[in-house]
Structure formats: C-alpha cells, structure tokens
Amino acid sequence: MMGRNGSVNSMRRKEVAVNHSLSNVVVGLSLCAAARERKSIAGRSQMSFSLNPKRTVAELKELRSLTGDENGAQRVAFTKTWATARNWLRKKLEALPVEIHTDAAGNLWTTLRGQSERALLIGGHIDSVPNGGWLDGCLNVLAGVEILRRISAQYDGKPPVTVRLVDWADEEGARFGKSLFGSSACSGNLNLEEARGLKDRDGIRLPDALKEIGVDFERVKESGKELKDAAAYLELHIEQGPVLLDLDLPLGAVLGTFGVERHAITFLGQAAHSGSTPMNRRKDAFLAAAKMSPEIYRIAERNGGVCTIGSCTTKPGIVTSVVEECRITLDQRHLDAAALARMLAEARDASARFASEGNVKVSWERLWQIEPVLFNNDLIAMCDEAIGETCGKRHRLPSGPLHDAAEVARAGVPTVMMFVQSLHGISHNKIEDTREEHLELCVAAFDKLAEKAMNWVRAK
Ligand SMILES: [Zn+2]
C-alpha cells in the first residue's frame, strides 16, 4: 500500500521549473491543423506552449519497453509488471507539486491542490490485458500526466480548481473476469457478494490477491469518498473500433456508453434419425435458431444499435441426428434505453414466430444487463469544441465498450470521454496502434478540454 505524500519541497519546485522550460516547445499539430489554425494557436495563451504531446508519445514508448514483450503489453492488474508500471508512473508524478495516495480499492490518486476544493478528475488505467496493446488505458493516464504538468506550470502549482489524476485498479478484469473493479468499487456499484467469490486460473481468490497489494476487500467501497468534491470527470481513450478510421477522422466526442441486454435463447425440438425422418416431420431446433441470425441484422438496422449472436451449441450435437436443443447467446447494445428495449422485444417476438413455424419451443434467460450511460451535455459540447479547435473536424459517437467513465457517470459526476482513432480498428491485441500524429493531436485536444472543463467547474 502506498502512503500519503503531501510534502512539496524546494527540490521539487526546482524540478517543476525545469520541466516547464523543457516543455516550452511548440506543439506539433502539423497533421490536420492548417496554417491558419497554427497561427491562431500561436496567438493563444501560454498554455499551448507548455504542453508537450511528443513527450507523451515518448513516455508511452518508454512504458512499452519497460512492461511489454514481443507479444504485447503485460501489465495485468495486481501482478509484478503492473506494480513496476505504477512505480514508474509515480516517479513521473513525484516531479510535480502533488499529493499521491492509493485509495481503499487500490486506485492511485494524484492531487494538484487548487484554490477550490472542487475537483476536475482525469482518469485512465495502467493495467492491460495479457498480450495487450500499447495504448489502451495508459494513453489516458500519460495524457493526464502531461496535462497536470501544463496546469501546474501555467498556474504556478495552484490552479483555480483542484485537479486530480486517477489510475483505476483492474479496469480490464483480465485475471478475475470482473472488469471496472476499482471504478465500480469507487462508484458503489460493485457487487461485493459476487466479487468475493471470484478466483483466477490458479484458484487464487480476489480478496487474497488484493491483500497482497495491501487492499482489504471488505473495505473497497470506502474508496467512494474520493468522489466527494468531484465536479467533472474526463477520460481519453483509443476508440478500439473502426468508426473514426472509416470516417478518416482523428478524434471524436463520446456521447455515452451503450446499454447492454445479454440473453441465452434455447430452442427445444426433438432428436430424430437423420436418415429415416422426412423433412416435413422434423422438429429441428437448429432451424429455428438459425433464422435468428439474419433477423438480428434486420433488428439492428431498424433500430440503429448492434446485435451479436456470439455462441451456438447443439444437442445431441452429432452428425446423424436432427438437433433437439439449440442454445444461442444474444448480446444487444444501444445508447438509447427505449430503442434497446424495442430491440429486445423484437428479438423475443421473432424467436416465438420461428419456434412456432418450426413446431419447437423457445425459452429465454437473461445473462446480464446494464442501462445506457449518457455523458454530460455541457462536457460533450466542450469536448466537441476542443476537437474542432485542434483539428478542424468534429464527430460525436457512442462507445460500444464499457469504460471506467461509465462508472463515474453512474456515481453522478458529470462525465465525458474523448476517442482517438485506432488503426485497424483493433484493440486488446498487440497490433493495436494509433498514428503518432493522432496521438499528439489527442493530447493537445484533451488538454484544451481540460482547460475548458476547469473553467466550467470554477464557474459552477
Ligand atoms: Zn481501456
């Protein structure tokens, strides 16, 4: 467990001054900023000059070589490599006039005290999946570090509002199968009953793994007090999908995270000999289930969401028998709760129709469900504006995957996310990548958003 670190000594102040002068480098916005844009940036406040997005890219590479191998990032939460990454991060942060501590759930908080207690939060996660990409989660954290440097330098260590960077613990859930652990403990949404029983591949229980890093499982929800003065939460992330890539856009403002309805659907017919049973006498559970496949594409098309049949199992599952039982899983997602409910109802109706056409039975079982989480309209507008100012082209999009930001928003803190384009539209894979120009742009745009949000918090 990491202790409190509240002192600001003169040596640190000197380091801040050095950092400040080092970072007086013009931000490289050559890619999508036209000369006109560059001129207006040059005319703007000091802030554009003390931010150094190239340093963020360099630090991402440094972290990659420290905690990755030929198969990708290896910063699985609560492991040695993860601890190495966090210590490395801490060293970077200790150069600033900040307080650093770990909360009751193992989240790492860095606080730059401002003139007001009201706090602007910037979040990310330094943990990765095994063989993960070099940007997922840590881009957010390292952009946050750079923004803390800029704000600290610009406001002489005392910004108008308090600014805090949080590195959430175990966002990925790679080891225990429970994602958003640290942020859901903090938001109060973590189901303790369920989490208490989780085990990893080696049979180690989650509470025991947490004890190893000094976290008492029974007290993890005490981390909720960290949100006491939280007035806004910002998170930058790679998109992890192909939407921005296909539109040829570097950045997008995120509207919220999809609600999810996840069900198992079982069709029940009758096993019968594949040779002796005429086609018109069959009760073929697979035929009914298979009709669901094109149907969910029509449902998604009509309602504007996404639907996936991710698994299909048949019984008896042999080559010489008509399928008696066919179980498929259906995952449906939408940003709009009413549209999500409609998609679910349409899928239920279709399954009943296909069952009756095929003379089989159908039953549904809910596996999991979460409401859509909508981000704050004011912050979305600021995010959009920051993107427009940085690269001239704006776009708003929903997030398919869940993120820590959804948990913070569910806790009632006004929240927004910014996405940067992913090359190949792929993540959770070592080939995950983003063009370096886009990485620099996202740090610059995210910094602008942070400044706008800070002023918004101050004025509220
Ligand atoms: Zn992530």
Hydrodynamic radius of segment 318-460 per Kirkwood, over alpha carbon pairs, in Å: 19.1
Peptides ranked, highest mean first, by Cβ atoms within 10 Å: ranges 258-266, 58-66: 258-266, 58-66
Three-way shape call for segment 56-215 based on the alpha-carbon gyration tensor, with the a/c threshold at 1.5: oblate
Alpha carbon convex hull of segment 292-351, volume per residue in cubic angstrom: 77
Rounded tilt (10° steps) of 10-22 against the dominant C-alpha axis of the chain: 80
Cα-Cα separations in segment 198-330 greater than 17 Å, expressed as whole percent: 77
Kirkwood Rh, Cα atoms: Rg over Rh of segment 260-370: 1.03
Likely footprinting exposure, H424, H125, H334, H237, fewest C-beta neighbours within 10 Å first: H424, H334, H237, H125
Helical contribution to [θ] at 222 nm, DSSP H n ≥ 4, -39,500 (n - 2.57), averaged over the chain, rounded to 500: -12500 deg cm²/dmol
Bridge type composition, the chain - antiparallel percent by DSSP, nearest 5: 70
Dipole magnitude of segment 260-370 about its Cα centre (Cβ charges: Lys, Arg +1; Asp, Glu -1), debye to nearest 20: 180
Rounded Å value of the spacing that divides the Cα centres of segment 215-272 and segment 151-169: 26
Mean projection area, nm², convex hull over Cα of the chain: 23.8
Acute angle (nearest 10 degrees) that the helix 436-459 long axis makes with the longest principal axis of the chain, alpha-carbon atoms: 70
Percentage relative contact order, segment 260-370, counting C-alpha pairs under 8 Å, at least six apart: 45
Among L335, A264, I318 - extreme Cα towards positive end, dipole of segment 260-370, charges at beta-carbon: I318
Cα-based helix-to-principal-axis angle, 53-67 vs the chain, degrees rounded to 10: 60
Hz values of 3J(HN,Hα) by residue in segment 83-94 - Karplus curve (6.51, -1.76, 1.60), Gly and Pro given as x: 4, 4, 4, 5, 5, 4, 4, 4, 4, 4, 6, 5
Relative contact order for the chain, counting Cα pairs under 8 Å that sit 6 or more residues apart, in percent: 20
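Bear in mind that the values in this text are calculations on the coordinates, not laboratory data. As the structure is a computational prediction, the values presented were derived from the model and not from experiment. Note that each Cβ is placed from the backbone with ideal geometry, even for glycine, and that neighbours are counted across all protein chains shown.
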